[in-house]
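As structure tokens, the structure follows; a few thoughts come after it.
The values are calculated or read from the model by the stated rules, or taken from the named source; none is laboratory data. Note that the coordinates shown come from a computational prediction; the quantities given were computed from them, not determined experimentally. All Cβ positions, even for glycine, are placed from backbone atoms using ideal geometry, and neighbour counts span all protein chains on display.
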Amino acid sequence: DGGITQSPKYLFRKEGQNVTLSCEQNLNHDAMYWYRQDPGQGLRLIYYSQIVNDFQKGDIAEGYSVSREKKESFPLTVTSAQKNPTAFYLCASSIKGSYNSPLHFGNGTRLTVT
Amino acid sequence: ELKVEQNPLFLSMQEGKNYTIYCNYSTTSDRLYWYRQDPGKSLESLFVLLSNGAVKQEGRLMASLDTKARLSTLHITAAVHDLSATYFCAVDPSSYSGGGADGLTFGKGTHLIIQP
């Protein structure tokens, strides 16, 4: 079955360490996204990519970095510069240029930094 | 900056009752999405509304879009416990491409509890 796989499901890190969250999709979607979810805050866009080797900052990109070397993969690195990294991170994808295509979400990674 | 506001943010209701969740947004858009999220889970797409006056129905849920008023509603009819979840609306601010190519802007979500 096609879908989006995020790993790991839970991740624990010490403050000051960089950590990379994995996101892989086999839907053949062009566009991929990273969102952060905090309790009571809804989802906020971190980075997105509409094509391989290109990506754009979202609303809260500071302290994060991404790469898009393959169409299927869009890893997110949470750097030590991110002041409040503990959150639920959701990866999504969509068909670029499809007027009625919703975002398809992965199951998320819950990151805890202590 | 696009703002998306949902109300109420919390709603506790009894089974069998009807209720409506409201989603207001601040800039012109004719693409609006509704999602459902169960606790600790990901988001599931419910409805895609693509034009003024669009109405979609699935079971006990019905969504509508009024682009002139910048308002979407999610109506619940004869609620059942299985509909307990958090519901998000999301707006596509881009004027081209569709499919949220530049990312969607989400409301804060409505946490719905349906009690027997």
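The table below gives the values:
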item	result
Hits in segment B:1-17 (condition: farther than 11 Å from B:Cys89 by Cα and part of a strand (DSSP E or B))	B:Phe10, B:Leu11, B:Ser12, B:Met13, B:Gln14
Enumeration of residues in segment B:24-73 that are small (Gly, Ala, Ser) and within 12 Å of chain A (Cβ to nearest Cβ)	B:Gly40, B:Ser42, B:Ser45, B:Ser51, B:Ala54
Which listed residue is in a strand (DSSP E or B) and either in contact with a strand residue (DSSP E or B) (Cβ under 9 Å, 6 or more places away or on another chain) or not β-branched (Val, Ile, Thr) (or both), from B:Ala63, B:Ala69	B:Ala63
Unique residue being more than 14 Å from every other protein chain (Cβ to nearest Cβ), surrounded by 14 or more Cβ atoms within 10 Å (Cβ to Cβ) and not small (Gly, Ala, Ser) when the list is B:Ile21, B:Ile76	B:Ile76
Flag if B:Thr105 is β-branched (Val, Ile, Thr), within 12 Å of chain A (Cβ to nearest Cβ), under 28 Å from B:Glu15 (Cβ atoms) and touching a residue at least 24 places away in the same chain (Cβ under 8 Å)	no
Residue within segment A:98-113 that is modelled with pLDDT under 90 and loosely packed, with under 15 Cβ neighbours inside 10 Å present	yes
All positions within segment B:16-34 that are closer than 19 Å to A:Gly42 by Cα, in contact with an Asp or Glu (Cβ under 7 Å, 6 or more places away or on another chain) and in contact (Cβ under 8 Å) with a residue 60 or more places away in the chain	B:Arg31
Some residue of segment A:15-33 being closer than 30 Å to B:Pro8 by Cβ and touching a Leu at 6+ places or on another chain (Cβ under 7 Å)	yes
Residue within segment A:28-40 that is over 24 Å from B:Gly40 (Cα atoms), touching a Lys or Arg at 6+ places or on another chain (Cβ under 7 Å) and outside any loop (DSSP other than H, G, I, E, B) present	yes
